[in-house]
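The values are calculated or read from the model by the stated rules, or taken from the named source; none is laboratory data. These figures come from a predicted structure and were not determined experimentally. Ideal geometry is used to build each Cβ from the backbone, glycine not excepted, and the neighbour counts take in all protein chains shown. These accessible areas exclude ligands, DNA and RNA; they are computed on the full protein's heavy atoms, side chains included. Shrake-Rupley method; radii C 1.70, N 1.55, O 1.52, S 1.80 Å.
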Amino acid sequence: MELKDYQIKVVDKLKEYLLALDEARKEYLELLEYKPNLAKFANFPKEAWTKSVGSIYHSNENGIKEPLPELYLKVPTGGGKTLLACHSIDLINKTYLKKQTGLVLWIVPTSQIYRQTILNLKNREHPYRQVLDISSGGRTLIKEKTDNFNKLDVEENLVIMMLMLPSANRQNKETLKIFQDAGGFTDFFPDEDNYELNTKLIEQMPNLDCFTSLGMEDEQFAGIANLNQPKTSLGNTLRLLKPIIIIDEGHKAYSINARDTIRNFNPSIILELSATPPKETNKLVEITGKELNEEEMIKLDIHLTNKTSFDWKDTILCSIEKRKNLEETAENYEQNTGINIRPINLIQVERTGKDQRESKFIHSEEVKEFLIKKCNIPEEHIAIKSSDKDDIEGIDLLDKDCPIRYIITKRALQEGWDCPFAYLLTILTNPSSQTGITQLIGRILRQPFAQKTKIKELDECYVYTFRQNAANLVKGIKSSLESEGLGDIAGRISVDCDDNSNTDFLKEKTMYYREKFKKFEGSIYLPKFVIQEKESWRDVNFEADILSKIDYEKFEIEKLVEISLSNIRKQEQELILGLSDKDSETVKEKGRFEKTGKLRINESFLTKQILDIVPNPWIGMMLGRRVIELFIDKYDKETVSSNFVFIIEELKKLLEKERNKAAEIVFKKLINSKKLHFFLITDKGGFKIPSRLKVRSNKQLIRDDNTPIQRSLFDVVPEENINELEKSVAIYLDKQEKLLWWYRNMSKQDYHIQGWKKNKIYPDFIASEINTENKADYGNVYVLETKGLHLKNDDTKYKQDVFELCNELGIKKPWKELGFDFPDKEIQFQVIYEDEWKSNINQIFG
């Protein structure tokens, strides 16, 4: 593979330093031989650096106190760090160490980078391996830490040993095997009974692990004094061979333990490559993003499309259509050039864990299901990459026959994953969070085959988000590009784990009633909407009891054509970001314009998009066809086609409004006809707060003065899955003198109210005041739902309406009249907002 100009610049600069290093080392060795007392003050790596580079040099030593050349190559994401590492090994061996063979310890920070790198290095057809084979004369061995090698292997071959950073950390108990005695490396050590040679070896390499240094823990050595037997371990073998050490993503190795352990391998030189070198490192060369762009290594410009729709599915639809358009362009490009490109859409979701499907967050399986059932995407085109599911493991995504076009992940691809076919990033995470952009933007920057197609669409990349702030988006992209090596942002160490938020990493705990509240176990009931069947009651079922009674044919869809197709851009905005010409900034906004989504007119596709609202496909098809006819009667077919995405979005809004209006009418008719009741039921079918709960949690909620929570119904309140507003409310409730107990109601599993919309209402808190008349009992109960100011919307209005209805029905039907063990208690339902929750709570418990 021919090197790019900036890569030649790196190689030339490295060679210049190595030549100076070789000369300085010769002088050091002469000094060591003839004037050893002065040699200990010599620092030949620093002298070479001063001569060839001129900047400040940060000195280091290896494990046997020898001066250690340690340098950094700063290369941005997509700059070919691995290729440069291979060329660097050749240069170090030939220019500095004067050999073709020996050991190279190649350290990587994550399993993703490890698998990808070792796969390429083992492939004799890959450019990386070809560079190494040319350097070694075709004698290259690729090893892992579980593989053995002998003295002859190292003398006659270039041995590349791959190692994960955790395995290089001496403090990691799970990886201590690398320092344990092993039979496969005896060739490098004197015979066990050769005391003289072993003693001499330890004098030369005083940092070798020995049995006596660890207390002679093996029984076979008991009673033998002054054995001084070095362990025949891989760790000791590395120390003897003084390897070249290559550290990929070197900024991740900047813990004290990691640095000490790596230097303790007695390296002859350490070369680190990263997009974001930490401070106080010896940065030999720095490559900019502009240089990468000039050499056609990355896709620019970056197009941001920000949807204002509250439904993440609308964002998916737009990115799907864009990917289809890109594939059509790529197919035409292939016909003309023979070069195959298959654009891939990376979709970031909020959850991927097995047990998280029912949470309120957007889940990978939910998105996959939507792609298959509603968007007609073949299942083989979709892959999920997470901590417990890896559909792309072992698959060559660049292979012409690979079908994958969509990869759904949370953070499993955030670093080390390399696929130039990734053109689109669809962010479905919390709109208030910028982590999706900063974690994954680098994955769509690489240009296929490091060569521009000269077709604008295929030389750029695309990001789709929803409900984000345009200014914050630009800021997030700038920050992300800086973290990928286009700015001076220091790196940080992270745990090699695909999905840190997976609850499998949290400890399971059982929550019990507090001792002072145990007398209430099994007696705290809450009312709900029920329907009587024969002698029993059952929960109201939205689909069976409400949805089935709606007459969809009466929906007033004709008013949809009142919208103007010429003004649809208000729902979508595109920002174009490119590299700045100014040194003071990384990127600049090159354009901002409004655009329309475009989708071919397809009745079947439209029908699938509205089946969540209109469950009957025949009625859905009829409504969809009617809408298309209405618009074609008013506009020409091309205009309707150009605005088809917008029409679908507006139709869904209208249908949802019509359905909600009709459902409310059905719901209240059922109440008026005495078929639907709001009852508190104490027998089978009712709801009562359970006596114990199992939760996964590592952190308990405490008061803001660090004192324990006192008034919660249960003895443990997990801090996970509680937002800042809810946390503030909980702590404030806990301080109310007139409050007896409060309970954090768990979403999707605890008390809920089924109203006239599909989604159940799960209030945030249930609280009870002190019963002043009967100290042995609790008083009135309050059901509270908290809402941030930014969440004052139609959904909040709906919850308010349902709560008002609950309060109205509760007054009309006092619980004591039901004959249950709930005398003289009132239950009040209330929505409280971020700007008034304190005053609301004060009114209740003041």
Exercise for review: Give, as a single signed number, the net charge of other residues whose beta carbon lies under 9 Å from the beta carbon of ALA663, with Lys and Arg counted +1 and Asp and Glu -1.
Suggested key: +4
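Restrict the search to the stretch 261-333; then list the GluC sites (Glu not before Pro) that DSSP places in a loop and that have at most 11 other Cβ atoms within 10 Å of their Cβ.
Values: sites: GLU272, GLU280, GLU286, GLU291, GLU294, GLU295, GLU296, GLU321, GLU327, GLU328, GLU331; in loops: GLU280, GLU295, GLU296.
For GluC sites (Glu not before Pro) across the stretch 261-333 that sit outside H, G, I, E and B with at most 11 neighbouring Cβ atoms in 10 Å, the list reads GLU280.
More than 25 Å apart: what percent of Cα pairs in the stretch 645-756 qualify? Write down the numbers at each step before the final one.
Working: 3090 of 6216 pairs.
Roughly 50 percent, rounded to a whole number.
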Practice item. Set the Förster distance to 45 Å, then compute FRET efficiency between SER564 and LYS727 from the Cβ-Cβ distance, nearest 0.05. Key: 0.50
Practice item. Could you order GLU515, GLU556 by accessible surface area, starting with the largest, using a probe radius of 1.4 Å? Key: GLU515, GLU556
Practice item. Determine which residues of the stretch 17-60 fall in the zone a paramagnetic label at THR95 would reach in this model, i.e. backbone nitrogen under 12 Å from the point 7 Å along Cα→Cβ. Key: 17-23, 52-53
Practice item. Calculate, in nm to one decimal, what GLU23 and THR707 gain on full extension: separation in residues at 0.36 nm each, minus their alpha carbon distance. Key: 239.8 nm
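Could you compute the FRET efficiency for LYS760 and GLU196, with r as their C-beta to C-beta distance and R0 at 60 Å, rounded to 0.05? Could the numbers behind the result be given before it?
Details: r = 81 Å, r/R0 = 1.34.
The pair LYS760/GLU196 has a calculated efficiency of 0.15.
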**Study point:** Cα-centre dipole for the stretch 1-61 with unit charges at Cβ (Lys and Arg positive, Asp and Glu negative), debye to 20
**Key:** 160
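Residues of the stretch 641-735: accessible area per residue at 1.4 Å, in Å²? List each step's numbers first, then the result.
On the way: 4520 Å² over 95 residues.
In whole numbers, the stretch 641-735 has 48 Å² accessible per residue.
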Revision key, fill the gap. Ignoring ligands and nucleic acids, LYS143 exposes an accessible area, probe 1.4 Å, in Å² to the nearest 10, of 40
Review point. Straight-line reach from LYS519: which lysines have Cα under 25 Å away, leaving out those fewer than 8 places along the same chain?
Key: LYS509, LYS528, LYS684, LYS688, LYS694, LYS735, LYS738, LYS775, LYS816, LYS825
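Treating the beta-carbon of each Lys and Arg as +1 and of each Asp and Glu as -1, no other charges, what is the dipole magnitude of the stretch 226-335 about its Cα centre, to the nearest 20 debye? Numbers along the way, then the final one.
Working: 15 positive and 18 negative charges, 199 e Å.
Charge dipole of the stretch 226-335: 960 debye, to the nearest 20.
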Point to revise | Whole-Hz ³J(HN,Hα) from phi, Karplus 6.51 cos²θ - 1.76 cosθ + 1.60, for the stretch 447-460, glycine and proline x | key: 7, x, 6, 6, 8, 5, 7, 6, 10, 3, 4, 8, 10, 10
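Give the value in nm², to one decimal: projected area of the alpha carbon convex hull of the stretch 1-96, averaged over all directions.
Numbers: hull surface 28.3 nm².
That works out to 7.1 nm², a quarter of the Cα hull's surface.
Counting only other residues whose beta carbon sits under 11 Å from that of SER135, what net charge do I get with K and R as +1, D and E as -1? Before the final figure, lay out each step's value.
Details: positive: LYS94, LYS99, ARG129, ARG139; negative: ASP90, ASP133.
Overall, the nearby charge balance is +2.
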Study note, to complete from the structure: Here the FRET efficiency for ILE339 versus THR772, based on Cβ atoms and R0 = 51 Å and rounded to 0.05, is 0.05
Revision key, fill the gap. Expressed in nanometres to one decimal, the distance between label points 7 Å along Cα→Cβ at LYS51 and ILE256 is 3.6
**Study point:** Contour excess over end-to-end distance, with Cα ends at LYS509 and GLU296 and 0.36 nm allotted per residue
**Key:** 71.3 nm
Point to revise | Karplus 3J(HN,Hα) series, Hz, for the stretch 539-544 with 6.51 cos²θ - 1.76 cosθ + 1.60 (x for Gly, Pro) | key: 5, 5, 10, 4, 5, 6
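Relative to the Cα centre, what is the charge dipole magnitude of the stretch 34-147, using +1 at the beta carbon of each Lys and Arg, -1 at the beta carbon of each Asp and Glu, and rounding to the nearest 20 debye?
Details: 17 positive and 9 negative charges, 30 e Å.
Dipole of the stretch 34-147, to the nearest 20 debye: 140 debye.
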